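I have placed the structure first, in the form of structure tokens, so that the comments after it can refer back to it.
The values are calculated or read from the model by the stated rules, or taken from the named source; none is laboratory data. It should be emphasised that the depicted structure is a prediction, and the values quoted were computed from it without experimental measurement. Don't worry about glycine lacking a Cβ; one is built from the backbone with ideal geometry, like all the others, and counts go over all protein chains shown.
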Amino acid sequence: MDASPAPPLRTALAAQLAGSVIAYALIELVYPDLFALPLAAALLQGACAALVSHRLGAAKWWLLIHFGFLPAALWLTRAGIPAHWYLVGFCLLLAIFWRTDVSQVPLYLSNAKTAAALAALLPPGPARVADLGCGDGGLLRRLAQARPDCRFEGVEHAPATWLWARLRNLGRRNVAIRYGDFWSSSLGEFDVVYAFLSPVPMPRLMAKAAAEMRAGSLLVANSFAVPGVSPERVIEVADRRRTRLFCYRPGPK
């Protein structure tokens, strides 16, 4: 049996520590005068930490975090910002991104062209549609405008983005935004389930969909395919991201 992957925060800490050791050794052995240039030393540490993170198999979005962490910390110490604003900033980021380190799903937002492509995949008659991790609710707002005959439900676990989604969809009778964890919700009542997550949870999502979704129902995965499972079709979206929508029929055959 394969070992479980290390928790992301543990991997991040290991990358930062290893990056610091490597950067210190390189400066000490190759160019000691760099210690007199804190920003340059911090950038070298960031590059080393990002490289270690990559070698440890962390998601690509961690690389930028590692590269910029120490330089940003150095800049903040010189910016003269009152201490309480650090707490305010931390609380705000936590409310927006919540426990991304646990879910390993960053905040991805679906654009208007993706919404149009998804609307074209909906059944011709009334249907129930779920957006798992609906973010700011923009996708649901566009779908609700395009298909007033359908019922749309979004699930979001980050407090700030959930509130944002609720406010954006106030007054829309065919949209419901629920706060919580979609893993604890049944997918059996939906005709179409949309997910813009990350590569990490896709196998688990497919297993859940296969166990709960009805025959003929559609699972649409934005950008991240399910490993080892061939989609029924792939929709190419003409946007700057070159978005691809992977369409699956996970229910009983």
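Restricting the first member to the range 22-49 and to residues that are over 13 Å from residue 74 (Cβ atoms), and the second to residues that are surrounded by fewer than 18 Cβ atoms within 10 Å (Cβ to Cβ), the beta-carbon pairs closer than 7 Å and six or more apart or on different chains are 27/34; 27/35; 34/40; 48/22. Scanning the range 51-69 for residues that are part of a helix (DSSP H, G or I) and free of Cβ contacts under 8 Å to residues at least 40 places away in the same chain returns 51, 52, 54, 55, 63, 64, 67, 68.
Pull up the range 91-135, narrow it to residues that are closer than 17 Å to residue 202 by Cβ and at pLDDT 90 or above, then point me to the one that is nearest to the chain's Cα centre (by Cα). Within the range 91-135, the match that is nearest to the chain's Cα centre (by Cα) is 132. Please tell me if residue 251 is over 16 Å from the mean Cα position of the chain (by Cα), without any contact (Cβ under 8 Å) to a residue 40 or more places away in the chain and within 21 Å of residue 125 (Cα to Cα). Criteria not met by residue 251. The set of residues in the range 177-215 being among the hydroxyl-bearing types (Ser, Thr, Tyr) and either in contact (Cβ under 8 Å) with a residue 40 or more places away in the chain or touching a Leu at 6+ places or on another chain (Cβ under 9 Å) (or both) consists of 179, 185, 194, 198.
Listed by position, the strands (runs of 3 or more DSSP E) contained in the range 141-253 that have at least 2 residues being loosely packed, with under 13 Cβ neighbours inside 10 Å are 233-236.
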